[in-house]
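Q: Sharing a structure here in structure tokens format.
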Amino acid sequence: MDLTSEVFASILSPVTAFLPPRSTSQVSEPAIASTTATATRLTPWQTSPLNPQSRLDSLDPLPNPLPRTSTPQCTCTSTTTTTATTTTTPPCRGMGTNRSTRTCTGTGTDTDRAGASGTCTTRSNTCAGIVVAACTHSWQIDAVDGRGRLFAATPRFALGRPPLRVAVCLPPIEAFPRALRAVVRPERALLCHGGRGTPGAAMGKVADLEVGRWLGRVLHAFAHSQDSNISNGEEEGHWWWDLPFGSVIAVNFGGGGVAEGRREEEEEQEEAEAEHEVCLVPGAGYAVEQGMIGVERLKGMWAGEVAAEAWEGLRVVEWERLQFTRQVHDVISLVGLNDDEKGGETVAAFKSVLQEQKYMYNELKMLLLLREHPNAVSRPFGVVTKKGRFGNRRGVCGFLLEWFPLGSLRETLLSIDYDKAVPMAQRVRWARQVTEAMIHVNGHGKAGFYPDLKPDNVMLRENATTGLLDAVLIDMEQRGGWYSWSPPEVAYVEYLETLVDEPGLEEGSLREETLQLLRAYYSDPEWKPAAASRRYDNAIGGFSSPWQALLRQREAGGKGKDILERAQVFMLGKLLWSIFEGQPLVRCGIDHEVLRDPYPDYELRSSGKVKAFPEFKRTPDALRRLIRACTAGAPEWADSQQRLPGVVLQGGKLYPARSDASSYTAGDTLDAARAFWTREVELARRFVQEAIDARSQSTKDRDKTAPHSAVSLLEQAQSRPLLSEVLRELDQIEHQLVSKLLL
């Protein structure tokens, strides 16, 4: 199955269980244009600016570049021409000068089709390939989000200045004209995490991908057209600085879909005529700025929780003082700050969440609540405030954290020499430090818990005293984690929440039945899925309903008071497996990990790495027993065969696990995903229903014959060790290792 935006709804979601059967016709792959010239001579088509591959490479010298004139000219080839003739137009001094350009204005926020509401420039796909030779604009493309559509791109004139956090939104993969898609390969952006692709997947920086290079050319031409309107006294790039914080630049295509039954020549002509639109969508930024909350208001909201002394050491930094370097993650910017107090420049990680700001404010509160610990991220050394466009009030747009140049544990685990470079003593040290950090977080107030443990959220820092690497736990948003890392008592409830959420099941009896089931589980007849919103309210324990349900059990005391801690121990057990087996992914089930898997066939001959959790090859026996105890209740232990993902990623396509790629069809992949999710949803329904029954029935009345019943799962969850017990075991193992070294 080709990678498209559809995979998030048809493969990676529990909704897949209810999709109708698909056609099993063989999938056709767009023809990929060759990037290598013939061995004899370059043909006219290979050197023509009309060739999509030439346009793709237009930021590099063309094989036969057009002659440069003394006065910069914008030479554009109209997409509506039917012959290979080139029409020279006057210099692009204004929007509308070129007949392939148009503008419109507005303040819409719809980034899927922003061309209907925004400041738009529509240009032919061929224009920018020649503009580059005469213009000076260029863009820095740093990262892309998990769906491969939102790119972090910044014009170079904005480097070293305050970060505007403007995102560039591309249309869904399937919306690209076929000929262009075959060349720029937008689906490859799905395989990038942040700014880099997964090792082993022939992926480099996102800016070096075909789609990244194409996007740079598109943005280059767009910026040139915007600056062509500069009036006397206006600064170059004024259009950029006029945007509100968190705005969007949307790229769309003007051409519609191709009707079935057309002749191939007509289809190719329509694709050749497709134009792209580049649209400024400031409305997205206005919504972000309106959602910002001032420092004094936050102090008032948190007065009963955050101590006054926690605010005393917190600097308020004006956004205008930040100096942007690059975007390293969806929500993390690397910035510099001229430090007047200490002298010199401070390098910091600027965290700013745009889509759902409530998580950013919840993390800020958590960080202010936590005391300092060497293995947990420190309190911010500054909150960043920015003046909004409405009312001129300053609100918190983010905060400044320690920058970890060594990167995350995931990046270290991906190293091919991990087994040689990381001795067992260092691994035990990391395991112990993460456990200590988890204990530390759980010891703070009513909301102290950590629901998103995975290698991405463990950073590494060199210890100045010992020279060893220390593990540091980051990301206190408390929004929950991926299905593959979550304990089953949480993941099962999340499955059902997904079904009743807005993009889940259609209105009907099945959705209503699932909604009523969840309301009974939460003991709340009015419960409904929380709508995605930037607006923040001071919720205790974050905004994940399944984790909040466990938090309420801890507050209530009694038999279930430890279930929240034991759920976190489950994630810790999987992290221990990753550390000692050298694997960044656990490969349990189907979720976003599938798109980030650098080794889809599970085992590299060169490294001998294990296939998937819970297979062991390199973990000492004592640690194997500990990991087994921590992950009690995992479906992988219950199955007669270890559960592998229903689908795998190979060669940029999704296949059923253990399938033969030569006979692959889209129907096979969808059927495998549907079968996987059908089973998972059934287990989820059974767990939630029997958990409800367990609260109202005595143990002797429960159905003890039900396979994998809620009772057995909850009993297994209760059998997991507490965090303090895990730490005690790790201390003993570390002591044994030290003793062996001394002998």
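The values are calculated or read from the model by the stated rules, or taken from the named source; none is laboratory data. Source: prediction; values computed, not measured. Heads up, the Cβs are rebuilt from the backbone with ideal geometry, glycines too, and the neighbour counts pull from every protein chain shown. Just so you know, the surface numbers come from the protein's heavy atoms only, side chains and all, with ligands and any DNA or RNA stripped out. Shrake-Rupley method; radii C 1.70, N 1.55, O 1.52, S 1.80 Å.
Q: So, residue 323, is that one touching a residue at least 40 places away in the same chain (Cβ under 8 Å), out of contact with any Gly (no Cβ under 6 Å at 6 or more places or on another chain) and polar (S, T, N, Q) or not?
A: Spelling it out, it is not the case that residue 323 is touching a residue at least 40 places away in the same chain (Cβ under 8 Å), out of contact with any Gly (no Cβ under 6 Å at 6 or more places or on another chain) and polar (S, T, N, Q).
Q: List the number of the failed condition for residue 514; all other conditions in (1) closer than 25 Å to residue 443 by Cα; (2) at pLDDT 90 or above; (3) not basic (Lys, Arg) hold.
A: (1)
Q: Just checking, does region 196-204 include any residue being under 19 Å from residue 146 (Cα atoms), crowded, with 21+ Cβ neighbours inside 10 Å and at pLDDT below 85?
A: So far as region 196-204 goes, yes, one or more of its residues are under 19 Å from residue 146 (Cα atoms), crowded, with 21+ Cβ neighbours inside 10 Å and at pLDDT below 85.
Q: Looking at (1) touching a residue at least 40 places away in the same chain (Cβ under 8 Å); (2) of a type in the set (Val, Ile, Thr); (3) not in a helix (DSSP H, G or I), can you tell me which one residue 465 breaks?
A: Answer for residue 465: the failing condition is (1).
Q: Within region 447-462, which residues are under 26 Å from the mean Cα position of the chain (by Cα) and part of a strand (DSSP E or B)?
A: Within region 447-462, the subset under 26 Å from the mean Cα position of the chain (by Cα) is 447-461.
Those that are under 26 Å from the mean Cα position of the chain (by Cα) and part of a strand (DSSP E or B): 458, 459, 460, 461.
Q: Output the residues belonging to region 429-453 that are closer than 18 Å to residue 480 by Cα and basic (Lys, Arg).
A: 446 - this is the single residue of region 429-453 that is closer than 18 Å to residue 480 by Cα and basic (Lys, Arg).
Q: Which one of the conditions (1) open to solvent by 10 Å² or more (accessible area, probe 1.4 Å); (2) in contact (Cβ under 8 Å) with a residue 40 or more places away in the chain; (3) under 26 Å from residue 544 (Cβ atoms) does residue 332 fail to meet, given that it meets all the rest?
A: Of the numbered conditions (1) open to solvent by 10 Å² or more (accessible area, probe 1.4 Å); (2) in contact (Cβ under 8 Å) with a residue 40 or more places away in the chain; (3) under 26 Å from residue 544 (Cβ atoms), the odd one out for residue 332 is (2).
Q: Being at pLDDT 95 or above, open to solvent by less than 20 Å² (accessible area, probe 1.4 Å) and farther than 22 Å from residue 630 by Cβ is the filter here; which residues of region 447-469 pass it?
A: 460
Q: So, of the residues in region 133-167 that are more than 16 Å from the chain's Cα centre (by Cα), among the small types (Gly, Ala, Ser) and open to solvent by 40 Å² or more (accessible area, probe 1.4 Å), which turns out to be modelled with the lowest pLDDT?
A: Only one residue tops the list, namely 133.
Q: Only one of (1) modelled with pLDDT of 90 or more; (2) more than 30 Å from the chain's Cα centre (by Cα); (3) closer than 20 Å to residue 682 by Cα is not met by residue 508, so which one is it?
A: (1)
Q: Report yes if some residue within region 515-529 is within 26 Å of residue 305 (Cβ to Cβ), in contact with a Phe, Trp or Tyr (Cβ under 9 Å, 6 or more places away or on another chain) and of a type in the set (S, T, N, Q); otherwise report no.
A: Among the residues of region 515-529, not one is within 26 Å of residue 305 (Cβ to Cβ), in contact with a Phe, Trp or Tyr (Cβ under 9 Å, 6 or more places away or on another chain) and of a type in the set (S, T, N, Q), which makes the answer no.
Q: Here is a further query. Answer yes or no: is there a residue in region 302-319 that is more than 23 Å from residue 540 (Cα to Cα), assigned to a helix (DSSP H, G or I) and modelled with pLDDT of 95 or more.
A: The answer is yes, given that some residue of region 302-319 is more than 23 Å from residue 540 (Cα to Cα), assigned to a helix (DSSP H, G or I) and modelled with pLDDT of 95 or more.
Q: Could you list, in sequence order, all residues of region 524-553 that are without any contact (Cβ under 8 Å) to a residue 60 or more places away in the chain and either among the hydrophobic types (A, V, I, L, M, F, W, C) or under 27 Å from residue 302 (Cα atoms) (or both)?
A: 524, 526, 527, 528, 529, 530, 531, 545, 548, 549, 552, 553
Q: I would also like to ask the following. Given (1) outside any helix (DSSP H, G or I); (2) open to solvent by 20 Å² or more (accessible area, probe 1.4 Å), where does residue 513 come up short, assuming only one miss?
A: Failed condition: (1).
Q: A follow-up question, please. With region 358-446 as the region, which helices (runs of 4 or more DSSP H) entirely inside it contain at least 1 residues that are open to solvent by 20 Å² or more (accessible area, probe 1.4 Å) and small (Gly, Ala, Ser)?
A: In region 358-446, 418-421, 424-442 are the helices (runs of 4 or more DSSP H) which contain 1 or more residues that are open to solvent by 20 Å² or more (accessible area, probe 1.4 Å) and small (Gly, Ala, Ser).
Q: Across region 136-182, which residue is nearest to residue 319 (Cα to Cα) among those that are assigned to a strand (DSSP E or B) and out of contact with any Ser or Thr (no Cβ under 9 Å at 6 or more places or on another chain)? It would help to see each step written out before you state the result.
A: Our first condition is that a residue be assigned to a strand (DSSP E or B); within region 136-182, this holds for 139-144, 150-155, 167-169.
If we keep only those that are out of contact with any Ser or Thr (no Cβ under 9 Å at 6 or more places or on another chain) as well, we get 143-144, 151, 153-154, 168.
Numbers: 143: 22, 144: 23, 151: 22, 153: 19, 154: 17, 168: 21 Å.
The qualifying residue nearest to residue 319 (Cα to Cα) is 154.
Q: Let me confirm something: among 668, 597, 601, which residue is touching a strand residue (DSSP E or B) at 6+ places or on another chain (Cβ under 6 Å), within 30 Å of residue 420 (Cβ to Cβ), of a type outside the set (Ser, Thr, Tyr) and modelled with pLDDT under 90?
A: Criteria check complete, one pass: 597.
Q: Tally time: how many residues in region 683-720 are modelled with pLDDT of 80 or more and surrounded by 12 or more Cβ atoms within 10 Å (Cβ to Cβ)?
A: Count: 19.
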